[in-house]
Structure formats: structure tokens, C-alpha cells
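Chemist: Let me begin by handing over the structure; questions about it come next.
The values are calculated or read from the model by the stated rules, or taken from the named source; none is laboratory data. Everything quoted here is computed from the prediction, not taken from an experiment. Note that each Cβ is placed from the backbone with ideal geometry, even for glycine, and that neighbours are counted across all protein chains shown.
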Amino acid sequence: MLLIRCPYCEMERPELEFRHAGEAHVARPADPETVSDEDWAKFLYFRANTKGLYAERWRHTHGCGRFFNCLRDTVSDKIQATYKAGEPRPEATR
Amino acid sequence: MRFSFVNLLRQAFAGNKGWPEQWRSPEPKASYDAVIVGAGGHGLAAAYYMAKEHGLKNIAVVEKGWLGGGNTGRNTTILRSNYLWEESEALYEHALQLWEGLSQDLNYNVMYSPRGVLMLAHNTHDVQTFKRHVHANRLVGIDNEWLAPEQARAFCPILNISQNIRYPIVGAALQRRGGTARHDAVAWGYARAASALGVDILQNCEVKGIRRDAGGAVSGLETTRGFIATKKIGVSAAGHTSVVMGMADVRMPLESYPLQALVSEPVKPIMPCVVMSNTIHAYMSQSDKGDLVIGAGTDAYTSYSQTGGLHIASHTLDAICELFPVVRRLRMMRNWGGIVDVTPDRSPIIGKTAVPGLFVNCGWGTGGFKATPGSGHVFAHTVATGEPHPIAAPFTLDRFRTGRLIDEAAAAAVAH
């Protein structure tokens, strides 16, 4: 089980308090009516699914209820950083 | 050497010293007509049918580890075809019919055992969903029947049908032709049969890059055993499909998750069938060796770790102990994880890509083993002819653009 630090509650909590919410930084097109089917499909379904460092969203459902982002290595499952929604993706640390 | 009664007898008297190797381990050639990436059941089956039915002899299967060492060797071996949508019914029924004759076709005992698959319903939603499946299956001639709890227990005597448990059993759907097969034997049988037809199986040969010509078409593979030139690549890499496709700059609608399974210590036969409960995430059958093979759910997050959270496995064991009180004091021998590639609609992707010469067979998610022969068969046609097999035609990558999804996710309400 992962231990995840909620950047709003500023506390480390077990994974069971959270809900995974997919890849982070996937922006919804500002004007959906002008978006082609292909781009819309990319927004809805196509994901990087990176093997390695991956930015993903979590929601602290059993805590503050807020969405935040998390930088995790998908090979070791080690979390490098969690950060608030809207903040830029942090630089990778080794 | 063929497996036959005469040869068995002859070897018995010769101290079993005359059995040859089951498949060749050749050095990679400089070029092939087609290369399949991934020597799991699906990839080996595709190579076998390409050689057998499409006359392609100069082909290879490349594998980064050992053959059958990924999800083929890690799954819980459940076979069934009782899916909801006609496209899926055609695909999985095609596979089930191939399973029925597979041991004879390959001259290798894959231990196909149509012992029946019982899918438990625990609430009104389950009842409605499963009855809908039963009727959908009946309309296309696939066997699937509805059982009351007493009938379910008659079919599987160790089942707890008490109404005084957390998730009581209110009914079950039974596919009698469903069952199990021996997972390793499937990989070995296909490898042996494909190798005999001239297919080169290259193990410990990891793909590091996909080379493309000026027109964008594939021209070969960079591997840990050198460059292999080919005009056709069929990617059958399960959980690592996104990684391999990324080498050709193709992004996929896939997410990879760890899926776990466990086996208990071996006991005498206590379970005559397969029991699945999608609602409370418990899947169990008994292997011929006697151990209970138990399937758990996926983790909540994407990962390539080939392991999973302990709470996922223990959650499944909670359910198993409630459904089968007789197994409560059994010890678990092993627990492992595999990485499964899940699509948004929980249906596979079989077909062409935007890159000429690059084909993909992926997205089988948590239930690919059952489809192994059918998947290989239709993918072989797709790679060999360059056009999708009629059964595979609806399972295009393009369906995510057109919106013609084959939504088995909504149909089953869970991954399956």
C-alpha cells in the first residue's frame, strides 16, 4: 500500500484514504466544439502510460476531498513528490 | 517427435532419453518477413497461425525474457465466452471453439477442461446484468444459463449460500463449456508447434527501438541481440504495449495495472468448477495439482512493478473465506502480480495502426488468457494479409475516434 502525502492536509496517509484519478496535466480543450474527433479522442482516452516517472492525479476522498497531483516512479512505485492542482510538474530528483 | 501412444511406449522402454528439445533456440537472422513482439500465448499463437494458415515461414517471435513468462504464466486460466456484445461474443466464442480442438491441433496436451464457469450474483444489479448476458448469449447460440442459489450449490457443493452473510448469493450464471486450461502448456504447445513450422523464437531478445524508413513505414527492430530487418511488426506485448508502441511514436488508449493471483497449498479435489464473483472480486478454481488458484483485483493505480498491494489480495481472501468457509484454514503458498493493459471500454485492440507495417494486439486487460487461440488466429490473419480478420474488424484502434466502443466495461460494471 502506498503512503501518500496530501499537499493540502500536509500529512502522509495510507492509500486507502485516496482515490486514483488518472494521468495528470491532461487539459480539457477550452472550446470543445472546434476540436476534431481525433483530438477529442486523445483528450478522452489516449494516455502516456509511462514506465518510469509519471505525473498522476489523486483525490483525498476520505480527507479534504481535494484533487492534487503526484509524481511517482511506476517501476518502483516510489513517490517523488505530491503537489497542489494547478502547480507545475516538479523537476525529477534522482 | 510427435506425442503418441507408440512414442510414449518406446520412450518408456528407452529410459525417456530420446525426447528431443521441444523448440529450437536459433540465432536471430538478419531479416524476417514479419516479427511478433512478445512470446506469450497470444504472440506465439499468432506466429503459429501465420505459419500454418498463411504460409509465412520466415518469421520470428522476439521476447525480452523467457517465453510464457509474463501474463501467460501469471493468470488464473479461466476460459469462457459469455460476453454481452455481439462483437465480443464472436471473438471469445471463436477462441472457445479453438480451445476445444487445441490439444489435437498442436499435438500437445493443453489440459483444456470444460468444467463449467459459475458467475455469482450478489444483488439486484448483478441479477439484471447476468440475466441480460444469459439472454444475449442465448440469441447467438452461446450456452449460458441462470441458476438459483440451491442449483449453484448443487453444481459447486462447497459454496456458501447462506443468506446471513455480508454479500449473500442470490443466483448465478453458468457457462458449462467454460473452464480452465494449463497456462504453461498453452505457451509451450504453441512454441513447439510454431518452431516445427520454421518460426524462430528468440528469447532474451528485448526490443529497444523500432526503425522506420523515409516514408514512415517500419523497417526493422533494434534489439538486445542486434538489428532485425522486417517490413511487418506485430506487437503483442500486453502490459508493456504502450512502451513498445512509444518506440514508433504511437500513443495508445491504454493504462497498465498490476493484477494479482494466489495459490493455496494443494489439497484433495474439493472444487469441480470455476467460481467467479465480479462484485466482491474473488475468482477460484482448483488445479489438477490440487492447489486452489485464486484471482484478485487490480490495484487502483497504474504501475509496471509486477507486484501489487497486500490489501488487494487480503480483500479477495476475505471474500473467498466467506464464499467457501471450508478453505478458511488453508495456507497460501504464493502470491504474485502481472501487468495488464486496460482499455477504456475493456475490449481489446486488434489491428492496424497509423504506421505502415505496424500492427497491434493489446488491451486484453484482466481477461486475455481465455482468448489466446482466437486472438492469435485473428491477429495472424491481420498481420499476414494486412487487413483485419472479419471477427477482429470491430476491435480497431480507430474506434476511440469514431466512438464505436465495445463497452464490456459498462456491461460487466467491473474489470473482468
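Chemist: Out of everything in the range B:325-345 that is more than 23 Å from B:LEU262 (Cβ to Cβ) and buried (at least 21 other Cβ atoms within 10 Å of the Cβ), what residue ends up being modelled with the highest pLDDT?
Modeler: Ranking the candidates gives B:THR343 first.
Chemist: Which one is surrounded by the fewest Cβ atoms within 10 Å (Cβ to Cβ) among residues in the range A:53-94 that are within 14 Å of chain B (Cβ to nearest Cβ) and basic (Lys, Arg)?
Modeler: This residue is A:LYS78.
Chemist: Those residues that are surrounded by fewer than 22 Cβ atoms within 10 Å (Cβ to Cβ), over 22 Å from B:HIS240 (Cβ atoms) and not aliphatic (A, V, I, L, M), I need them from the range B:193-218; list them, please.
Modeler: Answer for the range B:193-218, where residues must be surrounded by fewer than 22 Cβ atoms within 10 Å (Cβ to Cβ), over 22 Å from B:HIS240 (Cβ atoms) and not aliphatic (A, V, I, L, M): B:GLY198, B:ASP213, B:GLY215, B:GLY216.
Chemist: Those residues that are within 15 Å of B:HIS315 (Cα to Cα) and among the aliphatic types (A, V, I, L, M), I need them from the range B:251-262; list them, please.
Modeler: B:LEU259, B:ALA261, B:LEU262
Chemist: Would you say B:GLY351 is free of Cβ contacts under 8 Å to residues at least 60 places away in the same chain, more than 14 Å from chain A (Cβ to nearest Cβ) and within 22 Å of A:TYR45 (Cα to Cα)?
Modeler: yes
Chemist: Something else: Looking at B:GLY374, B:GLY363, can you tell me which residue is buried (at least 23 other Cβ atoms within 10 Å of the Cβ) and away from chain A (no Cβ under 14 Å)?
Modeler: B:GLY374
Chemist: Moving on. Yes or no: the range A:59-73 includes at least one residue that is on the phi < 0 side of the Ramachandran plot, under 14 Å from the mean Cα position of the chain (by Cα), of a type in the set (A, V, I, L, M) and at pLDDT 95 or above.
Modeler: yes
Chemist: Another question about this same structure. Go through B:GLY220, B:GLY216 for me and flag whichever is in a strand (DSSP E or B) and on the phi > 0 side of the Ramachandran plot.
Modeler: B:GLY220
Chemist: Of all residues in the range B:132-149, which are crowded, with 16+ Cβ neighbours inside 10 Å and assigned to a strand (DSSP E or B)?
Modeler: B:TRP146, B:LEU147, listed by residue number.
Chemist: Right, next: Just give me the residues in the range B:31-65 being among the polar types (S, T, N, Q) and either under 21 Å from B:TRP364 (Cβ atoms) or in a loop (DSSP other than H, G, I, E, B) (or both), in sequence order. Walk me through it before giving the result.
Modeler: Keep residues of the range B:31-65 that are among the polar types (S, T, N, Q), which gives B:31, B:58.
Of everything in the range B:31-65, just one residue is among the polar types (S, T, N, Q) and either under 21 Å from B:TRP364 (Cβ atoms) or in a loop (DSSP other than H, G, I, E, B) (or both), namely B:ASN58.
Residue by residue, here is whether (1) in contact with a Cys (Cβ under 6 Å, 6 or more places away or on another chain); (2) assigned to a helix (DSSP H, G or I); (3) closer than 19 Å to B:ARG74 by Cβ holds:
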site: B:LEU317; (1), (2), (3): no, yes, yes
site: B:ILE320; (1), (2), (3): no, yes, yes
site: B:LEU330; (1), (2), (3): no, no, no
site: B:ARG334; (1), (2), (3): no, no, yes
site: B:VAL340; (1), (2), (3): no, no, yes
site: B:PRO344; (1), (2), (3): no, no, no
site: B:VAL360; (1), (2), (3): no, no, no
site: B:TRP364; (1), (2), (3): no, no, yes
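Chemist: Look at B:GLY297 and say whether it is within 14 Å of chain A (Cβ to nearest Cβ) and modelled with pLDDT under 95.
Modeler: Working: within 14 Å of chain A (Cβ to nearest Cβ): yes; modelled with pLDDT under 95: yes.
Considered against the rule, which asks whether it is within 14 Å of chain A (Cβ to nearest Cβ) and modelled with pLDDT under 95, B:GLY297 comes out as yes.
Chemist: Considering only residues of the range B:137-173 that are aliphatic (A, V, I, L, M) and within 15 Å of B:GLU93 (Cα to Cα), which is farthest from the chain's Cα centre (by Cα)?
Modeler: B:LEU139
Yes/no per residue for (1) surrounded by fewer than 22 Cβ atoms within 10 Å (Cβ to Cβ); (2) closer than 30 Å to B:LYS231 by Cβ:
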{"residue": "B:SER256", "(1), (2)": "no, yes"}
{"residue": "B:VAL263", "(1), (2)": "yes, no"}
{"residue": "B:PRO266", "(1), (2)": "yes, no"}
{"residue": "B:HIS281", "(1), (2)": "yes, no"}
{"residue": "B:ILE294", "(1), (2)": "no, no"}
{"residue": "B:SER347", "(1), (2)": "no, yes"}
{"residue": "B:GLY367", "(1), (2)": "no, no"}
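Chemist: Identify all residues within the range A:21-52 that are surrounded by fewer than 14 Cβ atoms within 10 Å (Cβ to Cβ) and of a type in the set (D, E, K, R); write none if there are none.
Modeler: Matches in the range A:21-52: A:ARG28, A:ASP31, A:GLU33, A:ASP37, A:GLU38.
Chemist: Among the residues of the range A:5-52, write down those that are more than 10 Å from chain B (Cβ to nearest Cβ) and touching a Ser or Thr at 6+ places or on another chain (Cβ under 8 Å).
Modeler: The answer is A:ARG5, A:CYS6, A:PRO7, A:GLU17.
Chemist: For the range A:35-85, enumerate the residues that are hydrophobic (A, V, I, L, M, F, W, C) and under 20 Å from B:VAL342 (Cα atoms).
Modeler: Passing the criteria: A:TRP40, A:ALA41, A:PHE43, A:LEU44, A:PHE46, A:ALA48, A:LEU53, A:ALA55, A:TRP58, A:VAL75.
Chemist: Another question, if that's okay. I'd like to check which strands (runs of 3 or more DSSP E) are fully inside the range B:240-292 and have at least 1 residues that are within 30 Å of B:VAL218 (Cβ to Cβ) and within 14 Å of another protein chain (Cβ to nearest Cβ).
Modeler: It comes to B:255-264.
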